[in-house]
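A short worksheet on the structure shown next.
The values are calculated or read from the model by the stated rules, or taken from the named source; none is laboratory data. None of these values were measured; they are calculated from a predicted model. Glycine also receives a Cβ, built like all others from the backbone with ideal geometry; neighbour counts cover every protein chain displayed.
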Amino acid sequence: METRKVYVSGGSTYVISLPKKWVKKANLKAGDSLVVTEQDGSLLIETRLIEKESTVKEIRISQIISSEALERKIIALYLTGYDTIKIKLDRKDHLVYREAIREVLDYLMGIEIVDDTHDSMTLEIMVDHRRMMTGQVLQRMFSIDRSMLLDVGKAFETRDIGLAKDAIAREREVDRLYFLVVRQLKNAVRYQQVAEKLGIKYQRDSLGYRILVKVLERIADHIENIAKNYILLTEIQKQPQLDEYISLVNSTAMTFEKSFRALFERDGEAAEKIFQELKKIENDHSDISKKLFKIENIQSAIYQKTMLDSLGRIASYSGDIAEIAINMSTEVP
């Protein structure tokens, strides 16, 4: 850490000198411009506007041990922030790798195959930060989660298997949005200019959003699990009586909504009330759990127990969101 004195130039301009080592490393010369951004109680100095940069990564499948490893590599490069991924198909068994590339693209938003030849594929990531702000994407994820959960409850009530299957199909969209937000947050931490375009005012918000996006992705997974087990349940029990489950789904969905609203409104008092609601949900959960021991059909009891456990996890995640809301609403000293 170095200290620099502030000088006055021309009577109204305040000037500090730049560290010589940093200037040489950045290849700066007299007359070059720097980007200066106010950030809380500090100034962030960057050498250029990052929009002018384009990052390219080339990989060869001959150096990748399997098609599954290639999928993970593409996801990692996407999350890290690369704009272009060039894949050299330099193996005889490249068809399975081609298939893996196309499959992984189903999970990633804003990425397209722009060049496809017999020996290579080029992927281009085209994400406009100004049109896909982080808060808006998180709101979208919440909206999908909430509608999935309510539709599962409606499926219990109307015995509509189609609603349960539709909830399962929508889980894929939450995954796509999850990867997008993680990519955004990684770039926001590196570049304040990107953070501002994404609507992230403070660095600590990036940490809160990183926890939140994982919570929203896991909630979608649990709703998918509930829907799948409900479908299995109807195969051995044509008209399952799930009135208590319906009530639990509705109360869980309401608590989930309140916790999310408290976070985005930075309302610590509203978030604190969530924990009182969770106690009632826990009691209802416990009452239903005890009744499962009276079910004669073991397989039916297993499916219902699995559904109940996922509902319990969703409620617990709502508590996690409330904790994030309290943390983000607390004034920084």
Quick check on this structure: which one of TYR82, TYR78, TYR97 is within 17 Å of the chain's Cα centre (by Cα), among the hydroxyl-bearing types (Ser, Thr, Tyr) and crowded, with 16+ Cβ neighbours inside 10 Å?
TYR78
All but one of (1) over 15 Å from GLN63 (Cβ atoms); (2) in contact (Cβ under 8 Å) with a residue 24 or more places away in the chain; (3) not in a loop (DSSP other than H, G, I, E, B) hold for ILE87; which doesn't?
(1)
Can you tell me which residue among SER120, SER67, SER54, SER62 is of a type in the set (Ser, Thr, Tyr), out of contact with any strand residue (DSSP E or B) (no Cβ under 9 Å at 6 or more places or on another chain) and without any contact (Cβ under 8 Å) to a residue 40 or more places away in the chain?
SER67
Looking at the range 315-322, can you tell me whether even one residue there is aromatic (Phe, Trp, Tyr) and either in contact with a Pro (Cβ under 9 Å, 6 or more places away or on another chain) or without any contact (Cβ under 8 Å) to a residue 12 or more places away in the chain (or both)?
no
Failed criterion for LYS291 (all others in (1) at pLDDT below 95; (2) under 18 Å from ASP243 (Cα atoms); (3) surrounded by 17 or more Cβ atoms within 10 Å (Cβ to Cβ); (4) not polar (S, T, N, Q) hold):
(3)
From (1) part of a helix (DSSP H, G or I); (2) of a type outside the set (A, V, I, L, M); (3) under 30 Å from ILE200 (Cβ atoms), pick out the condition that doesn't hold for LYS279.
(3)
For the range 207-224, what are the residues that are more than 14 Å from PHE264 (Cβ to Cβ) and not aliphatic (A, V, I, L, M)?
ARG210, LYS214, GLU217, ARG218, ASP221, HIS222, GLU224
For the range 105-140, give me each residue that is surrounded by 13 or more Cβ atoms within 10 Å (Cβ to Cβ), among the hydrophobic types (A, V, I, L, M, F, W, C) and part of a loop (DSSP other than H, G, I, E, B).
LEU108, MET109, VAL127, MET132, MET133
Output for the range 155-175, where each listed residue is surrounded by 17 or more Cβ atoms within 10 Å (Cβ to Cβ) and not aliphatic (A, V, I, L, M):
PHE156, ARG170, GLU171, ASP175
Members of the range 228-249 found to be in contact (Cβ under 8 Å) with a residue 60 or more places away in the chain and over 19 Å from LYS165 (Cα atoms), listed by number:
LEU248
Output for the range 38-71, where each listed residue is part of a helix (DSSP H, G or I), surrounded by 11 or more Cβ atoms within 10 Å (Cβ to Cβ) and modelled with pLDDT under 60
ILE50, GLU51
Take the residues in the range 237-254 that are in contact with a Ser or Thr (Cβ under 9 Å, 6 or more places away or on another chain) and not in a helix (DSSP H, G or I), then tell me which one is nearest to LEU149 (Cα to Cα).
PRO240
